[in-house]
Amino acid sequence: MMPSHSAAPTCAEQATGSGSGLDRANWAPDIAFVGQTLGPWYLFEPHDSSLAALRDAFAGLDVTGAAQAWPFVACHVAQRSLRLMHQGLLPGSPGSPGGPGALGGLGDTGGLGGLGDTGGLASENEHALLWEFRRLFRGPDPMPAPPWGSVYTDKDCVVFGSSCLELRAWLRAEGIVRQGDGHGPEDHLGELLLLMAWLAESRPKLLAGFLRLHLLTWSSHMLGQLAAGAAHPFYRGLALLTQQSLEGIGRHLGLEVSYPTYYR
């Protein structure tokens, strides 16, 4: 699951700025790794077969080793976020119903607008993960941090706002075709993380402009709200690691980002 780094730095080395993998010239595989590893979690329910390999990898994670190998984030910082994600996938996680820090009544659909069948999930924590994903990313109740960029940058706080339309125009100008059904807003965080990975691998000359104009302008703002609003440790860790990774990529590439006014 983790990228292969030679002589992976220790947490102490990264904390003092020495031995960091960020000095490597070949950054594209690491950026692709970040997008491919984190993006799907924002798009698919946690028990979806598309996430099976990632779910198994995080559940069986050696947190210390993974933190040492995680790119663009200091080891001691990545370690805290990865530990939340790892622990959040274990049976009896603090986020499971009835446990310490549980989401009250997650096994009951009453507070979540009747979001449908849980598909016969085996454990309480699987139920907790599913309901938390739906609460955070699907609705129908108000989401603490919607995953679409224009919700934050458009004065009316709407999807398909002006920044989303600017992204759509950029995609068309560059001849980039969306995957999937293509009906939802283009500026969904999960889609953009996967697009970041694809650009790093296939069209790296476009990557800096994409990040500077269409993702980093709002991602940290949204992810800060998501980390604060997430009640399950897995999604809190996911938000923090995504925020830390994107900020680290921006620093590594030396990007100067012009941040807009946020309306949410």
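Going by the alpha-carbon gyration tensor, a ≥ b ≥ c the square roots of its eigenvalues, is the range 21-81 rounded (a/c under 1.5) or, if a/c is not under 1.5, prolate (a/b greater than b/c) versus oblate? Since a/c reaches 1.5 but b/c is at least a/b, the shape of the range 21-81 is classed as oblate.
Seen from every direction in turn and averaged, the convex hull around the alpha carbons of the range 124-264 projects onto 8.9 nm². Karplus-based coupling profile of the range 205-214, in residue order and whole Hz: 5, 8, 5, 4, x, 4, 5, 5, 9, 10, with θ = phi - 60° in 6.51 cos²θ - 1.76 cosθ + 1.60 and x standing for Gly or Pro. 3J(HN,Hα) along the range 27-36: 8, 4, x, 5, 5, 4, 4, 4, x, 6 Hz, from the Karplus curve 6.51 cos²θ - 1.76 cosθ + 1.60 with θ = phi - 60°, whole Hz, x for Gly and Pro. Extension gain for the segment Ala173 to Ala57, taken as residue separation times 0.36 nm less the Cα-Cα distance, is 38.0 nm to one decimal. Summary of packing: across the peptides 57-66, 170-179, 238-247, the per-residue average of other C-beta atoms within 10 Å ranks them, highest first, as 238-247, 57-66, 170-179. Taking Cβ atoms as reference points and 13 Å as the exclusive limit, the residues near Val63 contribute a net charge of +1, counting Lys and Arg as +1 and Asp and Glu as -1.
Of the residues Ser150, Ser245, Leu207, the one whose Cα sits farthest towards the positive end of the charge dipole of the range 133-264 is Ser245 (charges of +1 on Lys and Arg Cβ, -1 on Asp and Glu Cβ, taken about the Cα centre).
Does the range 196-259 come out rounded, prolate or oblate, given a ≥ b ≥ c as the square roots of the eigenvalues of its C-alpha gyration tensor, rounded meaning a/c under 1.5 and, failing that, prolate meaning a/b above b/c? Since a/c reaches 1.5 and a/b is larger than b/c, the shape of the range 196-259 is classed as prolate. Rounded to whole numbers, the Karplus 3J(HN,Hα) couplings from phi for the range 243-249 are 4, 5, 5, 5, 5, x, 4 Hz, using 6.51 cos²θ - 1.76 cosθ + 1.60 with θ = phi - 60°, and x at Gly and Pro. Take the Cα of Ser202, step 7 Å toward its Cβ, do the same at Tyr263, and the gap between the two points is 3.3 nm. In units of the compact-protein estimate 2.2 N^0.38 Å, the range 133-198 shows a Cα radius of gyration of 1.14.
Near the amide H of Asp187, within less than 5 Å, lie the amide hydrogens of Gly149, all on another chain or at least 5 residues away, with H placed in the peptide plane.
Read-outs: derived from the displayed coordinates by stated rules, not from any lab. Remember, it's a predicted structure, so these values are computed and weren't measured experimentally. So basically every Cβ, Gly included, is an ideal-geometry build from the backbone, and we count neighbours across all protein chains shown.
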